[in-house]
Amino acid sequence: MADEKPTLVLHLVSGGEPLLFTLRPEDVPELAKQLHLHLEHGSVQSIRTKEDIEIKVNFAHVAVAYIDDLQRKGKVFGLH
């Protein structure tokens, strides 16, 4: 079985391809709990990637955000 690769997926309000940021597995539970609040309030958040890079995300410019495992094969959006 392949290692999980949790990834923050951001679809910007302006459109275009989604932005993908691989996350540290230990950060996923807390971010998953807070993600809806960041979107609702349009907050700016610091997020650390798996590569140990700190990024700032301005959720006021994000239309859709979710955490997905990009290692899964044969997935259908919305089904697990």
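The values are calculated or read from the model by the stated rules, or taken from the named source; none is laboratory data. This structure is a prediction, so every number in the text was calculated from the model and none was measured. Counting neighbours? That spans all protein chains shown, and the Cβs are built from the backbone with ideal geometry, glycine included. To get the accessible areas, we keep the full protein, side chains included, count just its heavy atoms, and leave off ligands, DNA and RNA. Shrake-Rupley method; radii C 1.70, N 1.55, O 1.52, S 1.80 Å.
General remarks:
- Compared with the rule-of-thumb size 2.2 N^0.38 Å for a compact globular protein, the chain has a Cα radius of gyration ratio of 1.09.
- Computed over protein heavy atoms with a 1.4 Å probe, the carbon and sulfur contribution to the accessible area of the chain reaches 56%.
- Maximal additional length on extending the S46-H61 stretch stands at 3.9 nm, based on 0.36 nm per residue less the C-alpha distance.
- Counting only DSSP H runs of at least 4 residues, each contributing -39500 (n - 2.57), and dividing by the residue count of the chain, the helix-based mean residue ellipticity at 222 nm comes to -5500 deg cm²/dmol.
- 0 to 90° range, to nearest 10: angle between helix 28-41 axis and the chain longest Cα axis: 30
- Within the chain, longest stretch clear of exposed trypsin sites (Lys or Arg not before Pro) (DSSP loop, no more than 12 other Cβ within 10 Å): 1-71
- The residues of the chain expose, per residue, 71 Å² of accessible area to a 1.4 Å probe.
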